[in-house]
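Inspection log for the structure reproduced underneath, given as structure tokens.
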Amino acid sequence: MLAGKKNLPAENISELMSLLRANPGKYSYASSGVGTSLQVLGEMINVEGKVHMVHVPYRSAPQIVADLVSNQIDLAVLPLNLALPPYREGSARIFGTSERERSPLAGNPDLKAVNMTVWYGLFAPAGADPAIVARIYHDLAVTLRDPAMRARLAQVHLVSVVGSTPPELAVFLGQEIERYSAIVKAANIKAE
């Protein structure tokens with residue numbers, strides 16, 4: 001989600017992009033740190049939106065939210081579960097989501113031309129016993145198919161539960177690396 005402080009002089013994503021284009025480098029956005037997927041999303045907005053927001057890396061997401069609602073930071077790139085509470089309380093705005101589908105929880109507009117989904121994967125050390133990996137995958141797949149678990153995950157907007165096999169996850173990870181490497185290079189992002 002792209003969230004903004006309440007007193008930002010923009011009501012929607014179109015107004016925000018116009019504001020950012022008219023004031024390159026004046027407005028900042030917070031993310032959960034240098035080299036994170038949230039910084040990459042912020043830089044995708046910069047590149048694809050032809051704007052220049054200044055990145056402010058944080059070490060703690062709760063601090064981002066606290067600074068956003070106290071007007072210490074202009075914008076923040078946050079997962080929905082962190083952006084939604086201040087939005088519902090009226091202490092922050094949501095300008096859009098990077099996901100293809102609109103969130104029924106936030107009723108937010110899309111970020112045009114920017115598509116990035118936060119995903120979670122379970123990894124094991126290289127060389128892990130294949131039997132152990134297979135057992136973990138099996139148990140996790142059973143858990144992710146459970147209707148009660150899916151309902152609990154949906155409460156925090158984890159609705160596109162896939163449950164990929166280890167080889168499927170490896171292919172997906174390779175595609176993600178290829179897709180985002182151009183943005184990382186263009187923005188000169190260096191992992192810390």
27 Å Cα cut-off, lysine pairs counted over the chain (separation 8 or more, or different chains): 15
Per residue accessible area of the chain, 1.4 Å probe, in Å²: 58 Å²
Relative contact order (percent, whole number), the chain, Cα cutoff 8 Å, 6+ residue spacing: 25 percent
Potential extension, ALA148-TRP119 segment - 0.36 nm per residue separation minus Cα distance: 8.4 nm
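Of the DSSP beta bridges with both residues in the chain, give the percent that are antiparallel, rounding to the nearest 5.
Roughly 50 percent of the DSSP beta bridges within the chain come out antiparallel.
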Added length on full extension, which subtracts the Cα-Cα distance from 0.36 nm per residue, SER160 to GLU11: 50.7 nm
Cα centroid of segment 48-101 to Cα centroid of segment 136-178, whole Å: 25 Å
Shape of the chain, Cα gyration tensor, a/c cut at 1.5: prolate
On Cα atoms only, tilt of 80-89 relative to the major axis of the chain in degrees: 40 degrees
Structure-based [θ]222 nm, the chain - -39500 (n - 2.57) summed over DSSP H runs of at least 4, per residue, nearest 500: -14500 deg cm²/dmol
Amide H contacts under 5 Å for SER28, placed H, 5+ residues apart: VAL54, ASP74, LEU75
Fully extended contour minus Cα-Cα distance, from ALA182 to SER60, at 0.36 nm per residue: 41.3 nm
Selection from PHE123, PRO167, TYR87 lying farthest towards where the dipole of the chain points positive, charges on Cβ: TYR87
Antiparallel %, DSSP beta bridges [both residues in segment 1-95], to 5: 50 percent
Values of log10 I(q)/I(0), in the order q = 0.22 Å⁻¹, for segment 31-96 under a Debye, Cα-only, solvent-free model: -0.94
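The values are calculated or read from the model by the stated rules, or taken from the named source; none is laboratory data. Predicted model, so just to flag it, every value in this text is computed and none were measured. Using ideal geometry, Cβ is built from the backbone for each residue, glycine included, and neighbour counts are taken over all protein chains shown. Ligands, DNA and RNA are stripped out before the accessible areas are found, and what is left, the full protein with its side chains, is counted by its heavy atoms. Shrake-Rupley method; radii C 1.70, N 1.55, O 1.52, S 1.80 Å.
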